[in-house]
Structure formats: C-alpha cells, structure tokens
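A.B. asks: Got a structure for you, written out below as structure tokens; questions coming shortly.
The values are calculated or read from the model by the stated rules, or taken from the named source; none is laboratory data. Source: prediction; values computed, not measured. For neighbour counting, all protein chains shown are included, and Cβ atoms are generated from backbone atoms with ideal geometry for every residue, glycine included. Areas reflect the complete protein model, heavy atoms only, side chains present, ligands, DNA and RNA absent. Shrake-Rupley method; radii C 1.70, N 1.55, O 1.52, S 1.80 Å.
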Amino acid sequence: MIIVLKPEITRKQETTVLKEIRRLGYRPHVMRGVARIVIGAIGDELTHQSLETLSTQFPEIVESVMPVQKRYKFVSREAHTADSTVPVRGHEVGGKKFHVMAGPCSVESERQLLMTAVAVKAAGATILRGGAFKPRTSPYEFQGLGVKGLKLLAKARKETGLAVITELLSENHADLVAEYTDIVQIGARNAQNFQLLIAAAKTGKPILLKRGLSMRIEEWLLAGEYILANQNGNLMFCERGIRTFETYTRNTLDLSAIPIIKSESHCPVIIDPSQGAGRADLVPALCKGAVAMGADGLLIEVHPNPAAAWSDVGQQLSLEAFAKLMAELRPLILAAGRE
Ligand code: PEP
Ligand code: MN
C-alpha cells in the first residue's frame, strides 16, 4: 500500500501514523519528498486488517491510501503473460481455434436437444449449450428439466461427440452437474455468489463465468480470482451484456470488455450475444464484432423452433439462421488470425 500524507504535517503526526502501520502488522518505508511524505507499507492483507482505514482514522494526517498491486493476482496478465488455454474434451479454448458453443437456452425435450445438437455440429459448433437448471426471474416460469436435462445433454454428447456446457445454480448441485457437463457455466445472476464460485472451482471442471448484470470489470476479474485461487486454472470469462438505460436491447453487450479482459487477464473471453441483445436479429452483427475484436469464442442460443421456446423467446436463432451465420463468420475468423 502507498500512503500519501498531507503537506506540512509534524514529525509527531508522522510518527503516529508509522506506529499504527507497524501495529497493524506492516513494514513502513518512508519516502520524503519536497512537499510531502509518502509511505510504502509492505505486508499481507489476507492476514492483517487493511490499511485503507488510515485515511478515516487520521483525516488530518493521511491524504490517500492506494494499493500498489492489483486486487486480483492469479487472473492477471502479470501472473501469466501468455494467453492461457482451457482444455475441453480434446479441444483447447483460447488457442488458435475459435470455438462456437451453441444450443437452446433450455433443454426442453430429447427431440429438441438432439435436433439442435446435430444441426449446430454440422454447422461447425464444437460445444453444445443447454440449460438444465434455469435461473428464471419469476418462480412461475419454466425452471428447467433438472437432472432429466443433464441426462439429455449427456445423451446428445454421446450421439454427436460435442462437448457440453450447462449452468450450475446451486452449491448443492455442484457434483451432480460436474458429473454430466464438460464446462460449468456460472450465470450472470450468480457471478458474485462466492460460495457457489468456490464449489464450482472445486469440481475441477472448466468454468465459464458470465459477467453479472451490473458488474464492473474489476468485480468480474475478482470473481474469476475465486476460481483460480481455489486451484482451478481453467477459467473463461463470458460477456453477456450489462443492464443500462437502453430499451431497444435486453442488455447492452459490452464488446469493449474483450480488449480490456485480454489486457488485464490471460484467460479466454467468450461472447454471448443472445443474452447480450435479447434479439435474434442482432446476433449475427454482434458475433461478427466479437470475432473482429479478439474474442476466443461465442455462446449462441439456437432452437429448432425459436418462436415456441420455453425460455428466452425472441433471442434464439433457428437452425437455418445459425448455419448461415457460421458460414458468414468463417472468413472473419480467418481474417482475425484464428481457425
Ligand atoms: C443463459 O445462458 O441462458 C443464461 C441464463 O445466461 P445469463 O446468466 O447470462 O443470463
Ligand atoms: Mn437464455
């Protein structure tokens, strides 16, 4: 921590602050400038009280207290300068190959899921998405098929060879969901449910962490830190739109998060344009933007009959629209230096 003292403070005041820094378990190093004194304090905040309170404790003496290091360590680029890749059933997310995860918002039936799986695979997707446990705003909306949905995902994986991603909603389901899925999705509503993040990390499965509805990028990186700090290095960040004042879209898809996460962190970045816009007609343009801006993959909602979907009607692509989009994306993926 860097502690900046106010100008023209007395020796006695300086000593008071130094004593308090030592009492809290930190080693102070005094730097005397022309106009003011700056103190560098070395110590571990995990095991000691934070020094941030010094400015409220000594308002006449301390001007500001600033951290030297970023609050996140393991997810930061400083910890790992190369891009990290996440192994998923023989694939590598974050490597040269661009990955498309596609499938319905919710698993509804064997027929719906299998039809979608076969079609998205034929169009070039490598990972099948589908919610078995659904986080719905209203308790009176379809909550997902639960275990039956997980079993259908496993069946679709067996029949198509696609890897599977599905959401984990509860710590109680961590082992159950991990048994069936290749990637554990942490949804926007749970992005700061820290006990859930720890339970997800402990399954050892790759984690896709959505950005919360009103989450700052620093908070998102810190949520990701919970995964890496719990001995799970296989983390992907997924931007899915944030809540703003705009009403033409369900959320505002923040594509600037791609270069920001890429420079702050080494973890792969996935874009979800479906929750991002809430509008199927906008999905193709947003996908193209994401590819151009350096995303490592996409998470797209696809349904054989979008108008009859049990959740998120209006934002899912038909099988045909998805195939057309994949063909349009191919040259852009190549131009972005990916495969
Ligand atoms: C979803 O992927 O269907 C979903 C519920 O996502 P989010 O958590 O981003 O809303
Ligand atoms: Mn959805």
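A.B. asks: Let a ≥ b ≥ c be the square roots of the eigenvalues of the Cα gyration tensor of the stretch 99-138; is it rounded (a/c under 1.5), or, if not, prolate (a/b larger than b/c) or oblate?
C.D. replies: oblate
A.B. asks: Of K97/K262; K70/K205; K96/K262; K158/K324; K73/K97; K97/K121, which ones are farther than 20 Å apart at the Cα?
C.D. replies: K70/K205; K158/K324; K73/K97
A.B. asks: Suppose we keep just the DSSP beta bridges with both residues in the stretch 63-221; what percent of those would be antiparallel, to 5?
C.D. replies: Percentage antiparallel, nearest 5: 20.
A.B. asks: For the chain, set up a Gaussian network in which alpha carbons nearer than 10 Å are linked by springs, and say which option among N232, N251, N172 fluctuates the most.
C.D. replies: N172
A.B. asks: Same structure, new question: Roughly how many Å is it from the Cα centre of the stretch 136-214 to that of the stretch 1-47, as a whole number?
C.D. replies: Cα centroid of the stretch 136-214 versus Cα centroid of the stretch 1-47: 47 Å apart.
A.B. asks: Report the Cα centroid-to-centroid distance between the stretch 299-339 and the stretch 56-122 in angstrom, as an integer.
C.D. replies: Their Cα centres are 20 Å away from one another.
A.B. asks: Pick from E320, E264, E246 the residue whose mean-square fluctuation is largest in a GNM of the chain, springs joining Cα atoms under 10 Å.
C.D. replies: Of E320, E264, E246, the most mobile in the Gaussian network model is E246.
A.B. asks: For the stretch 256-339, what does the alpha-carbon gyration tensor say about shape, rounded, prolate or oblate, given a ≥ b ≥ c as the root eigenvalues, a/c under 1.5 as rounded, and a/b over b/c as prolate?
C.D. replies: Taking the square roots of the gyration eigenvalues as a ≥ b ≥ c, the stretch 256-339 is oblate.
A.B. asks: Could you work out what % of the accessible surface of the chain is carbon and sulfur, using a 1.4 angstrom probe and leaving DNA, RNA and ligands out of the count?
C.D. replies: Carbon plus sulfur share of accessible area: 54 percent.
A.B. asks: Counting helices only, and only those DSSP H runs with n ≥ 4, report the 222 nm mean residue ellipticity of the chain as the sum of -39,500 (n - 2.57) divided by its residues, in deg cm²/dmol to the nearest 500.
C.D. replies: -10000 deg cm²/dmol
A.B. asks: What GluC sites (Glu not before Pro) in the stretch 28-100 are in a loop by DSSP, with at most 14 other Cβ atoms within 10 Å of the Cβ?
C.D. replies: Hits after loop and neighbour filter: E60, E78.
A.B. asks: If you roll a 1.4 Å probe over the heavy atoms of the protein chains, what accessible area per residue do you get for the stretch 131-219, in Å²?
C.D. replies: 43 Å²
A.B. asks: Multiplying the sequence separation of S214 and K151 by 0.36 nm and subtracting their Cα-Cα distance, what value in nm do you get?
C.D. replies: Difference between extended and current length: 19.4 nm.
A.B. asks: I want the local charge near V147. Using Cβ-Cβ distances under 13 Å, sum +1 for each Lys or Arg and -1 for each Asp or Glu among the other residues.
C.D. replies: +1
A.B. asks: How would H99, H80 rank on accessible area, largest to smallest, probe 1.4 Å?
C.D. replies: H80, H99
A.B. asks: May I pose another question? For the stretch 17-132, give the share of DSSP beta bridges that are antiparallel, in percent and rounded to the nearest 5; count only bridges with both residues there.
C.D. replies: 75 percent
A.B. asks: Also, I was wondering about something else. Can you tell which of R240, R36, R111 shows the greatest fluctuation in a Gaussian network model of the chain with Cα springs below 10 Å?
C.D. replies: Comparing R240, R36, R111 in the GNM, the peak value goes to R36.
A.B. asks: Let me know the shape class of the chain, please: from the alpha-carbon gyration tensor, a ≥ b ≥ c as square roots of the eigenvalues, rounded when a/c is under 1.5, otherwise prolate if a/b is greater than b/c, or oblate.
C.D. replies: Note, shape of the chain comes out prolate.
A.B. asks: OK, next. Of all beta bridges DSSP finds with both residues in the chain, what is the antiparallel percent, to the nearest 5?
C.D. replies: Taking every DSSP beta bridge within the chain, about 40 percent pair in antiparallel fashion.
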